[in-house]
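A.B. asks: Handing you a structure now.
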């Protein structure tokens, strides 16, 4: 795979089409689990696993699965991997299993996974799909972990379980605070994103222009 | 935190596995057949030509034709409501295919086009006032027709830049430039520009007129250093009469143009420009004319 | 056959068969993978026990030679699944508690130490308890810890926002305690005396042969239940204060039930396991006492005056105290308290006017002088509606009215009100029958 394409997919997954902050997918675990930053990391890891493997299989089978039974096939594959990851977590990381609770099973209906399967993996080659799954998962993990850190520090006064100070605004640990924090994150991220994008385009245009002028000047001097 | 407990696993129990497989087999079989039966009963009878036409279209889903995406356009074409010319992006061979499927004639310009901006004033054009406000060209235009001294001067505030789905336009030196490599002639910028400065030229065009003012002479010179003064030199220089002044605006008839560049070289104001940057010859005089 | 069978196969049919085949293949392969992994990653009972113990009882050492006595596994509110033993004499009882959310259950490992106290518990698994994560993580180390298995364990819900899952946990712990008391080997090992059984024996002796088939159990009257004071102008008093004076506290309050009867027999037991003394109140209101109580004349008087009547409402025993009745022509005005049995609502004090119609007591009016409803609760109006609905009720129709009313809410208050009115009607009918 070309480096250019790899960079494009990587940037799409983490920044340009960040599932939490740009596409606003998978809001259920985002709102529910960000009360504790440790849970976010665990959930993120599980989602990365499921995304990578389901994208892999779906991309491998993309020419085999007929259109009519597309959705049941995708769901069965995704559900299988979620069950696999759930079994692994229950066997080897029981404390994480308890803290994730029912949200582990809810990964099956997490929009991100079915969304990427439907819109990317089902008509892209295998390596591209795997990278897309990986980076989408990383983007998801990073954004919910950041949200989790903010909500945990403000709402409970702890960070990854360790108490920092006595001060807390309980509002942030409640559902209403979840919505507010999420909204603020989306707003701030998109403002920064738009500003950076504009600047980059402007710079690219200027650079191109300068390069052309420079090329002609050097050519003119030689002439 | 993590306590790796390794005492997991048990002896393989075939009965559990086989029961699970049997259930999976039965369940999926029944549900699969159910899906197909219901699908047969609820199938929407769609004209098969719609899918074929849609496959021939460019597939950009830009919406410039006025229909919801290429699927909507295909449906409208099959129903006879739309004109194939509304889509500037579909290449000629595909157009012929569509016309064959639908049994209609391919009308008008078969040649694909790109957009060019009919202004090169920018920083060279004086400002009536300094605009400090919200938004872009469309909003600026509401305030006494924008800040440029010339009524049809490009404000360079980027409405067309935002409208372009292919990021083919950028503002440099105070006015908009279309990158001919990226432009797909969808026409969204043409609809957006409040001064209606952007126009289409054929892909084969080599020169275009980068000024749209209907004023002449001193009027223009006092406002803009790059504006056309309607001197008529281009018209006189053209060996084939492809360029004429209409209302003080030079208009090029591309069916006649032989790409001799005489109009461009002779223009004292340098307001006729190369369409493609690679055509710009490498000499310091004409470096001015580089995009 | 016809020529149609020789036509080339219908492409649509082939596509359909291919679709089903792909779906079935994917399902079967995925399920095969999962089934294999399930075996590979299976967490056995021993493993679950080890994990649970690492949380609450790390010093646990499994006694592998121990074989559990599992003859008796069906408890009233749960089941015993298995019993383990630690080398230091503690029992680990795997108990299932019923009565959870969505009629599900919770299975716990309850650790009972050799001194018959509960050391802690940990969840092994649950059935349908989706909200079990709202039980605080420390509950296994704080709820019921330190209580003896022969004590009356009270439902503990501190810090949890789930009532039904907490009830299932309570039932599981109660089941483990029940096992300890009802299995000979464990009982002897832990040095337990079934005190309730001893007290019951004393009561049965007192009552005589005709009450031999009654089953006795501890009454579930709340500690803070109130009754009307002797002087109506005064504040209600705590029922427990009346029957359990500081110098001679009540040991047990027992209720005897029989299958075909809706009434219960109350028994107040004082003293300790060496020598119990009891006062029993028969259904017809006779107070019977045993030796020792003659010196407690005041207490005896108090009990006689505040005769508690146990009535079965909705398959549970509920309690009412008749304070007084005033005859006014054909009408009799009763003052009756319905006793509180849970943490909310409170006791009701009602004035019920009864008249004899066709030789059956019929309610003329019910008013609440002290409303037991906790003000502000959503179904307060529902509870008050029952007071008017009971007009015209007789002893037979009270239960019907109660059941139909209960469907609309305010169940605890309805229980209390219905019990009080039914007790009054029974008393009226009994007096009528005996020729009053």
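A.B. asks: So in the range C:14-31, with the set limited to residues that are within 15 Å of residue A:77 (Cα to Cα) and more than 7 Å from every other protein chain (Cβ to nearest Cβ), which one is nearest to the chain's Cα centre (by Cα)?
C.D. replies: At the first step, the residues of the range C:14-31 found to be within 15 Å of residue A:77 (Cα to Cα) are C:22-31.
Then drop every residue that is not more than 7 Å from every other protein chain (Cβ to nearest Cβ), which leaves C:25, C:29.
On the way: C:25: 52, C:29: 49 Å.
Once the filter is applied, the top-ranked residue is C:29.
A.B. asks: Being within 10 Å of chain C (Cβ to nearest Cβ), outside any loop (DSSP other than H, G, I, E, B) and touching a helix residue (DSSP H, G or I) at 6+ places or on another chain (Cβ under 8 Å): is that true of residue A:81 here? Working first, answer last.
C.D. replies: On the way: within 10 Å of chain C (Cβ to nearest Cβ): yes; outside any loop (DSSP other than H, G, I, E, B): yes; touching a helix residue (DSSP H, G or I) at 6+ places or on another chain (Cβ under 8 Å): yes.
In short, yes.
A.B. asks: If we scan the range B:37-49, do we find a residue that is in contact with a helix residue (DSSP H, G or I) (Cβ under 7 Å, 6 or more places away or on another chain) and in contact (Cβ under 8 Å) with a residue 40 or more places away in the chain? Step through it out loud before you land on a result.
C.D. replies: Within the range B:37-49, the subset in contact with a helix residue (DSSP H, G or I) (Cβ under 7 Å, 6 or more places away or on another chain) is B:47, B:49.
The next check asks that each one be in contact (Cβ under 8 Å) with a residue 40 or more places away in the chain; those that pass are B:49.
Checking the range B:37-49: at least one residue is in contact with a helix residue (DSSP H, G or I) (Cβ under 7 Å, 6 or more places away or on another chain) and in contact (Cβ under 8 Å) with a residue 40 or more places away in the chain.
A.B. asks: Determine whether residue C:34 is within 9 Å of chain B (Cβ to nearest Cβ), closer than 30 Å to residue A:63 by Cβ and crowded, with 21+ Cβ neighbours inside 10 Å.
C.D. replies: Details: within 9 Å of chain B (Cβ to nearest Cβ): yes; closer than 30 Å to residue A:63 by Cβ: yes; crowded, with 21+ Cβ neighbours inside 10 Å: no.
No; evaluated as a whole, the condition is false for this residue.
A.B. asks: Would you mention how many residues in the range B:196-224 are farther than 25 Å from residue B:185 by Cα and surrounded by fewer than 16 Cβ atoms within 10 Å (Cβ to Cβ)?
C.D. replies: Of the range B:196-224, the ones farther than 25 Å from residue B:185 by Cα are B:214-224.
Keeping just the survivors that are surrounded by fewer than 16 Cβ atoms within 10 Å (Cβ to Cβ) gives B:214, B:217-218, B:221-222.
Summing the residues that are farther than 25 Å from residue B:185 by Cα and surrounded by fewer than 16 Cβ atoms within 10 Å (Cβ to Cβ) in the range B:196-224 gives 5.
A.B. asks: Just checking, how many residues over the range C:100-131 are under 23 Å from the mean Cα position of the chain (by Cα), surrounded by fewer than 20 Cβ atoms within 10 Å (Cβ to Cβ), part of a loop (DSSP other than H, G, I, E, B) and at pLDDT 85 or above?
C.D. replies: Count: 2.
A.B. asks: So, one more: Check off (1) touching a strand residue (DSSP E or B) at 6+ places or on another chain (Cβ under 7 Å); (2) buried (at least 21 other Cβ atoms within 10 Å of the Cβ); (3) under 15 Å from residue B:193 (Cα atoms) for residue B:114 and give me the number that stays unchecked.
C.D. replies: (3)
Yes/no matrix, rows are residues, columns are (1) at pLDDT 90 or above; (2) within 14 Å of chain A (Cβ to nearest Cβ); (3) assigned to a loop (DSSP other than H, G, I, E, B):
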site	(1), (2), (3)
C:133	no, yes, no
C:146	no, no, yes
C:153	no, no, yes
C:157	no, no, yes
C:173	yes, no, no
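A.B. asks: Which one of C:246, C:259, C:233 is assigned to a loop (DSSP other than H, G, I, E, B), surrounded by fewer than 15 Cβ atoms within 10 Å (Cβ to Cβ) and under 23 Å from the mean Cα position of the chain (by Cα)?
C.D. replies: Details: C:246 fails: under 23 Å from the mean Cα position of the chain (by Cα); C:233 fails: under 23 Å from the mean Cα position of the chain (by Cα).
Criteria check complete, one pass: C:259.
A.B. asks: Okay, moving on. What do you reckon, is residue A:59 within 13 Å of chain C (Cβ to nearest Cβ), farther than 29 Å from residue A:162 by Cα and crowded, with 18+ Cβ neighbours inside 10 Å? Full working, then the answer.
C.D. replies: Numbers: within 13 Å of chain C (Cβ to nearest Cβ): no; farther than 29 Å from residue A:162 by Cα: yes; crowded, with 18+ Cβ neighbours inside 10 Å: yes.
For residue A:59, the condition - within 13 Å of chain C (Cβ to nearest Cβ), farther than 29 Å from residue A:162 by Cα and crowded, with 18+ Cβ neighbours inside 10 Å - is not met.
Yes or no, residue by residue, for (1) at the interface with chain B (Cβ under 10 Å from one of its Cβ atoms); (2) surrounded by 11 or more Cβ atoms within 10 Å (Cβ to Cβ):
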position: A:174; (1), (2): no, yes
position: A:181; (1), (2): no, yes
position: A:187; (1), (2): no, yes
position: A:199; (1), (2): no, no
position: A:215; (1), (2): yes, yes
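A.B. asks: Do you know which residues across the range B:206-228 are part of a loop (DSSP other than H, G, I, E, B) and over 13 Å from residue B:266 (Cα atoms)?
C.D. replies: Passing the criteria: B:206, B:210, B:211, B:212, B:213, B:214, B:215, B:216, B:225, B:226, B:227.
A.B. asks: May I ask you to say which residue of C:46, C:77 is at pLDDT below 90 and within 31 Å of the chain's Cα centre (by Cα)? Walk me through it before giving the result.
C.D. replies: Numbers: C:46 fails: within 31 Å of the chain's Cα centre (by Cα).
None of the others qualify; the one that does is C:77.
A.B. asks: Next question, about the same structure. Just one of B:41, B:25 is outside any loop (DSSP other than H, G, I, E, B), away from chain C (no Cβ under 12 Å) and at pLDDT 85 or above; which is it?
C.D. replies: Being outside any loop (DSSP other than H, G, I, E, B), away from chain C (no Cβ under 12 Å) and at pLDDT 85 or above holds for just one of B:41, B:25, which is B:41.
A.B. asks: Select from the range B:60-74 the residues that are modelled with pLDDT of 80 or more, in contact with a helix residue (DSSP H, G or I) (Cβ under 6 Å, 6 or more places away or on another chain) and surrounded by fewer than 20 Cβ atoms within 10 Å (Cβ to Cβ) and list them in ascending order. I'd like the intermediate steps shown before the answer.
C.D. replies: So the first thing to find is which residues in the range B:60-74 are modelled with pLDDT of 80 or more, and the list is B:67-74.
Imposing the further condition that a residue be in contact with a helix residue (DSSP H, G or I) (Cβ under 6 Å, 6 or more places away or on another chain) reduces the set to B:67, B:70-71, B:74.
Listed by number, the residues that qualify are B:67, B:71.
A.B. asks: Condition first: closer than 29 Å to residue B:9 by Cβ and either in contact with a strand residue (DSSP E or B) (Cβ under 9 Å, 6 or more places away or on another chain) or more than 8 Å from chain C (Cβ to nearest Cβ) (or both). Now tell me which residues in the range A:62-78 satisfy that.
C.D. replies: Here is the first cut: in the range A:62-78, the residues closer than 29 Å to residue B:9 by Cβ are A:75-78.
Scanning the range A:62-78 gives A:75, A:78.
A.B. asks: Identify, from the list C:162, C:149, the residue that is crowded, with 21+ Cβ neighbours inside 10 Å and either under 17 Å from the mean Cα position of the chain (by Cα) or over 16 Å from residue C:107 (Cα atoms) (or both). Show your work before the answer.
C.D. replies: Values: C:162 fails: crowded, with 21+ Cβ neighbours inside 10 Å.
Of C:162, C:149, the one residue that is crowded, with 21+ Cβ neighbours inside 10 Å and either under 17 Å from the mean Cα position of the chain (by Cα) or over 16 Å from residue C:107 (Cα atoms) (or both) is C:149.
A.B. asks: Do we have any residue at all in the range C:64-78 that's in contact with a strand residue (DSSP E or B) (Cβ under 6 Å, 6 or more places away or on another chain), buried (at least 19 other Cβ atoms within 10 Å of the Cβ), in contact (Cβ under 8 Å) with a residue 24 or more places away in the chain and within 14 Å of chain B (Cβ to nearest Cβ)?
C.D. replies: No, there is no match, as no residue in the range C:64-78 is in contact with a strand residue (DSSP E or B) (Cβ under 6 Å, 6 or more places away or on another chain), buried (at least 19 other Cβ atoms within 10 Å of the Cβ), in contact (Cβ under 8 Å) with a residue 24 or more places away in the chain and within 14 Å of chain B (Cβ to nearest Cβ).
A.B. asks: From the list C:249, C:245, C:236, exactly one residue is within 18 Å of residue C:420 (Cα to Cα) and out of contact with any helix residue (DSSP H, G or I) (no Cβ under 6 Å at 6 or more places or on another chain). Which is it? Quick ask: steps written out before the conclusion?
C.D. replies: Values: C:249 fails: within 18 Å of residue C:420 (Cα to Cα); C:245 fails: within 18 Å of residue C:420 (Cα to Cα).
Answer to the selection: C:236.
A.B. asks: Can you name every residue in the range B:134-157 that is surrounded by 19 or more Cβ atoms within 10 Å (Cβ to Cβ) and at positive phi?
C.D. replies: Of everything in the range B:134-157, those that are surrounded by 19 or more Cβ atoms within 10 Å (Cβ to Cβ) and at positive phi turn out to be B:146, B:156.
A.B. asks: Scan the range B:46-59 residue by residue and report those that are exposed (fewer than 12 other Cβ atoms within 10 Å of the Cβ) and either in contact with a strand residue (DSSP E or B) (Cβ under 8 Å, 6 or more places away or on another chain) or away from chain C (no Cβ under 14 Å) (or both).
C.D. replies: Start the filter on the range B:46-59 by keeping residues that are exposed (fewer than 12 other Cβ atoms within 10 Å of the Cβ), which leaves B:46, B:48.
Result: B:46, single match.
A.B. asks: Something else about it: Within the bounds of the range C:43-62, is there any residue that is away from chain B (no Cβ under 14 Å), in contact with a helix residue (DSSP H, G or I) (Cβ under 7 Å, 6 or more places away or on another chain) and either part of a loop (DSSP other than H, G, I, E, B) or surrounded by 20 or more Cβ atoms within 10 Å (Cβ to Cβ) (or both)? Step through it out loud before you land on a result.
C.D. replies: Pass one, the range C:43-62, residues away from chain B (no Cβ under 14 Å): C:56-57, C:59-61.
In the following step, the residues that additionally are in contact with a helix residue (DSSP H, G or I) (Cβ under 7 Å, 6 or more places away or on another chain) were identified as C:56, C:60.
Narrowing the set further to residues that are either part of a loop (DSSP other than H, G, I, E, B) or surrounded by 20 or more Cβ atoms within 10 Å (Cβ to Cβ) (or both) leaves C:60.
Scanning the range C:43-62, I find at least one residue that is away from chain B (no Cβ under 14 Å), in contact with a helix residue (DSSP H, G or I) (Cβ under 7 Å, 6 or more places away or on another chain) and either part of a loop (DSSP other than H, G, I, E, B) or surrounded by 20 or more Cβ atoms within 10 Å (Cβ to Cβ) (or both), so the answer is yes.
A.B. asks: I'd like the full set of residues that are more than 30 Å from residue B:168 (Cβ to Cβ) and not in a helix (DSSP H, G or I), limited to the range B:44-64. Spell out the reasoning first.
C.D. replies: Here is the first cut: in the range B:44-64, the residues more than 30 Å from residue B:168 (Cβ to Cβ) are B:44-49.
B:44, B:45, B:46, B:47, listed by residue number.
The values are calculated or read from the model by the stated rules, or taken from the named source; none is laboratory data. Note that the structure is a prediction, hence the values are computed from the model and not measured. Neighbour counts are summed over all protein chains in view; Cβ atoms, including those assigned to glycine, are modelled from backbone coordinates with ideal geometry.
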